[in-house]
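Asker: Got a structure for you, questions after.
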Amino acid sequence: MQGLMDAVMQQLLSKDVLHGPMRDLHARYPAWLAANAAALPPADLARYERQQRAIGRLCQLYEERPDDFAGIMEVMGEMQACGQPPPEMIKEIAPGLEMGEDGLPVLPDMLQGGDLPADCSLM
């Protein structure tokens, strides 16, 4: 079972899936920080700066060692420990994606255990 989970995680964290969005996010950080640094509490500013550095290291890993799953997992953990990226950047990268208070994407009701349509082929 662990082998299956590792394979799924490797696919989800692969360069093909994440490098483009991470590169885009990293490219947006300098301008966002310059525009918002003065208004941010010092703790948030430090957290966003740490997150930007982690995303930069992740992009570098994808470019130099895309098969280094252990390294990617380590840097991904550092990035996630910083919390969500600024909401404005999330909206620019993924328009229409709503984030819940728990930091996870809000799924449509039918994916959250709501009633499935009568013609759903999974029923």
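Asker: Before I look further, what does the range 1-88 give for accessible area per residue, probe 1.4 Å, in whole square angstrom?
Answerer: I get 60 Å² per residue for the range 1-88.
Asker: Hey, another quick one. Which ³J(HN,Hα) values in Hz, rounded to whole numbers, follow from the phi angles of the range 32-45 under the Karplus curve 6.51 cos²θ - 1.76 cosθ + 1.60, where θ = phi - 60° and Gly and Pro get x?
Answerer: 5, 4, 4, 7, 10, 4, 5, 8, 8, x, x, 5, 5, 4
Asker: Stretch Arg47-His19 to full length: gain in nm at 0.36 nm per residue minus the Cα-Cα span?
Answerer: Result for the pair: 7.9 nm of gain on full extension.
The values are calculated or read from the model by the stated rules, or taken from the named source; none is laboratory data. Because the structure is a prediction, the values reported are computed rather than measured. All accessible areas refer to the heavy atoms of the entire protein, side chains included, with ligands and DNA or RNA removed. Shrake-Rupley method; radii C 1.70, N 1.55, O 1.52, S 1.80 Å.
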